[in-house]
1. What are the residues whose amide H is under 5 Å from the amide H of Leu652, where those residues sit 5 or more places off or on another chain and H is modelled from the backbone?
2. Using θ = phi - 60° and the Karplus relation 6.51 cos²θ - 1.76 cosθ + 1.60, list the HN-Hα couplings for region 659-666 in order, rounded to whole Hz, with x at every Gly or Pro.
3. Ranking request for peptides 662-669, 73-80: highest mean number of other beta-carbon atoms within 10 Å first, then the rest in descending order.
4. Just for the Cα atoms in region 76-142, what are the lengths along the principal axes, largest first, rounded to whole Å?
5. Counting only protein heavy atoms, what percent of the accessible surface of region 542-620 is carbon or sulfur at a 1.4 Å probe?
6. Could you sort Lys303, Lys783, Lys638 by their accessible area in this structure, using a 1.4 Å probe and putting the largest first?
7. Using r as the Cβ-Cβ distance of Leu63 and Arg279, and R0 as 56 Å, what FRET efficiency do you calculate, to the nearest 0.05?
8. Tell me the carbon and sulfur percent of the accessible area for region 129-204, rounded to whole percent, probe radius 1.4 Å.
Amino acid sequence: MGKLFRRFHYWLRRSRMDAELAEEMEFHRSLAGRRAMGPSTLALEDARAVWIWPWLESLWRDLAYGARAMLHQPGFTAVALIALGSAIGVNTSLFTIFNGLALKPWPIRDPARMVILGQNYSVAEYRYLAEHTRALSGAVAMGHCGVRLEGRQAGCSAVSGNYFGVLGVEMQLGRGFRTDEDRVDTPQAVVVLSHALWRNRFGQDPDIVGRRVKLDDVPFIVVGVTSRDFLGTPSGDIWIPLPSRRLLRPDDPGMLQFLTSPRFCCANVAGRLAPGIAREQARAETELLLNQFRSQFGLQKIKVELRDTRWLSGAATNDKSGPILAILGILFLAVTLVLLLACANVGNLLLARAAARRQEIAVRLSLGGSRLRIVRQLLVESLALALAASAVGLAAAGVLPGILARRLEPAAAAHMRPDVSVLLYTIVLAVAACIAFGLAPALHATRGNLADALRQEARLPGLRLSLRGFLLSVQVAVSVVLLSSAGLLVRAVQRAETMDPGFVINGISVVSLDLPASEYAGPRTAAFAQQLQAQLEGAGVGLCDWQPLSNSRRQTNFRLPGEDQQHGQSIDFHEVNAAYFDVLGIPVLAGRNFASGDAARQAVMVNEAMARRYFPGENPVGKSIVWTVPREIVGLVKDASTQGLGPAEPILYIPFRAASVPKILLRGGPPAAERVSAAARQLEPRVEVRVAPLAEAFDQARQPAEIGAVLAGGIGILALLLASIGMSGVFAYVVRQRTREIGIRMALGAQPRDAVRLVLASNSRGLVAGLLLGLAGAAGASKILAHQFYTVSALDPLAYGGVIVLLVAAAIAATAAPARRAARVDPLTALRWE
């Protein structure tokens with residue numbers, strides 16, 4: 001009964017396909033007759049009717065036929081959509097993030113006319129340029145200023161008064177700054193809030209404009225709220241005029257010098273090109289004006305480079321954009337390989353499908369259909385499949401980018417939404433994928449002997465090894481590269497968890513102190529730090545200018561005795577007290593630790609990396625370096641990766657000078673931290689004390705490798721699944737192609753294991769070639785990963801061995817069903833011809 005039902009279903013499908021084929025052939029015969037009249041005898045309307053609309057109607061017929069063919073083969077369609085849809089999905093999602101970070105223009109007026117001048121200019125230089133420039137219709141200055149808004153830390157940007165006007169920023173509420181609010185002699189306490197801050201901290205209060213808020217205990221009046229899309233340059237929470245910094249630091253004489261002296265830096269400067277002015281003209285004029293200004297004060301001349309802002313959106317103009325874009329570049333390479341793998345898989349599935357449709361194609365050819373027409377039909381079917389997969393990709397792009405962006409750049413997560421650019425990218429990706437996986441199978445499916453095809457001989461000529469083996473090799477090679485990269489990153493995370501940074505992490509607390517910024521600046525801050533250092537002397541707590549693993553650094557130039565001043569070397573230096581090394585467990589290898597009076601004697605200590613570079617094979621203790629004045633090296637300490645999880649760099653340690661509020665390192669848990677807090681509050685009751693374990697900084701330092709390992713692991717698993725699908729399709733295709741040969745062999749006495757061996761051997765060369773190519777590609781990829789992540793080992797036998805084991809297991813799983821089918825081939829069925 002079941003056999004009878006299957007025959008009836010097959011007859012019904014064949015009858016429907018024959019009717020559709022006859023209708024299409026009649027349509028093309030009538031169309032050919034009308035076209036034979038020639039275009040010269042046709043009116044324009046008739047030309048459209050005969051040439052354009054029929055072509056569109058034919059294309060629509062092909063799409064409809066392709067859609068019906070996909071529905072008639074739900075198994076093939078589901079597997080192909082999963083493979084191609086997942087690959088297009090991860091590509092589109094990643095492009096959505098890249099578009100939000102680097103391609104989406106600023107939400108300002110005509111962003112293509114904005115240029116970046118640089119970030120090492122004084123405010124006085126900016127004002128001179130803004131006053132005299134003719135090539136720029138407006139110039140703006142901006143810089144970072146850390147403040148507390150209503151008692152909580154907020155990202156603040158101090159900007160010129162024309163900032164919002166020159167940029168052309170739309171305001172959600174209120175206004176930007178006025179010209180009179182940018183006067184150095186009469187600073188105004190006004191502030192503009194970001195849309196995100198207004199929403200999260202003030203509940204979208206519609207009456208926020210005119211309200212007073214406290215910045216470092218100084219009342220400021222809110223005059224505006226920016227639009228939702230504007231994140232700033234760099235991204236921030238609030239904006240204040242540059243002169244308003246004097247209100248936040250009234251006792252700091254250096255603030256007035258920062259605003260007026262040409263020798264005080266630094267401000268970021270950008271400008272808008274005037275109408276009709278080219279970038280080179282603006283660059284030449286800007287360089288001339290700035291060097292004229294610098295020559296008046298004996299400053300060194302500079303060269304100006306105008307950088308395009310169209311490739312740096314507001315979401316990306318911050319210090320984190322460089323590492324984020326580097327990670328995205330690596331991920332783009334990975335997901336491109338995933339797409340290549342998916343195309344190879346679907347191409348192999350189409351080859352297997354072509355064997356089943358061989359008779360249908362032969363009937364079309366025998367009835368007069370041209371090879372070009374049938375190739376177009378098959379490509380349109382592939383395009384329908386690719387467009388369906390792109391719909392899956394767009395759905396993924398609406399969900400995945402926001403999740404990933406919240407880990408990479410939380411401030412820009414709201415901008416990771418698909419737009420027209422993402423849609424166009426997805427369409428281009430679908431068309432490229434269609435050509436990649438559909439063209440070669442379509443060309444091969446229309447070749448060969450029609451008589452063999454009409455007898456349902458399912459052998460495709462010219463495909464014994466070349467195309468099928470090539471696609472299989474591509475699948476295996478790409479899988480090896482992606483899985484190896486994922487394995488190396490996972491191993492890097494494991495290595496980072498167990499690595500010894502050269503100092504103690506567990507059980508160490510970091511105490512940070514925040515003083516009222518409006519009252520503490522310059523000498524008063526130094527006086528507080530000196531009193532605090534005196535109170536903590538002998539308490540066994542470490543004092544330093546920046547905490548370990550904070551990615552902070554300070555640099556200076558020094559030279560060895562006898563060297564010319566022009567041969568100065570740049571080196572990182574770190575201000576610490578003697579207890580710093582004891583708290584962190586960094587041993588002194590030679591000489592001694594800091595002692596009382598070493599600051600006056602200009603004594604310094606060095607680490608092993610500095611000793612190896614500048615005193616190779618020698619004991620540096622007792623030697624001198626010249627940093628402003630000669631300084632004696634009194635101690636050599638063991639290398640410690642305090643700046644980040646990487647190789648220890650040369651560091652110069654100097655005695656803590658108490659010129660600024662220190663970071664305090666201590667052991668003993670909450671009781672010890674409470675004693676330090678009590679000492680600080682005794683000096684200043686309003687001081688804010690924050691205590692955090694050093695292990696948190698260690699976890700943050702490992703975060704890039706962990707995120708990379710998670711993403712690479714997900715991509716690697718996807719690659720393994722796609723490779724398994726591809727290998728299963730290839731071996732199924734081989735069984736179908738060689739069914740008659742297997743039947744003859746078994747009729748002549750071959751055992752089922754011989755049939756299994758025949759199927760496996762038919763693709764062994766493709767598997768081996770792909771494995772070798774993949775290992776070579778993985779070696780190159782490991783170099784790139786090792787450059788980005790310190791703990792990645794380019795030659796990790798465990799990672800590569802695990803990849804080989806996974807691929808062997810995937811190959812066994814993928815070949816199990818086809819091999820079992822080959823072993824069960826009935827010789828009589830295989831030898832029967834229709």
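1. For Leu652, the qualifying residues are Asp572, Phe573, His574.
2. Per residue, the Karplus-derived 3J(HN,Hα) values read 8, 9, 5, x, 8, 10, 10, 8 Hz.
3. 662-669, 73-80
4. Ordered largest first, region 76-142 gives principal extents of 69, 23, 14 Å.
5. 42
6. From most exposed to least exposed: Lys303, Lys783, Lys638.
7. Computed FRET efficiency for Leu63 and Arg279 comes out at 0.75.
8. 44
The values are calculated or read from the model by the stated rules, or taken from the named source; none is laboratory data. If you're wondering where the values come from, they're calculated on a predicted model, not measured in any experiment. With ideal geometry, Cβ positions are generated from the backbone for all residues, glycine too; neighbour counts draw on all protein chains shown. Note: areas computed on protein heavy atoms with side chains; ligands, DNA, RNA excluded. Shrake-Rupley method; radii C 1.70, N 1.55, O 1.52, S 1.80 Å.
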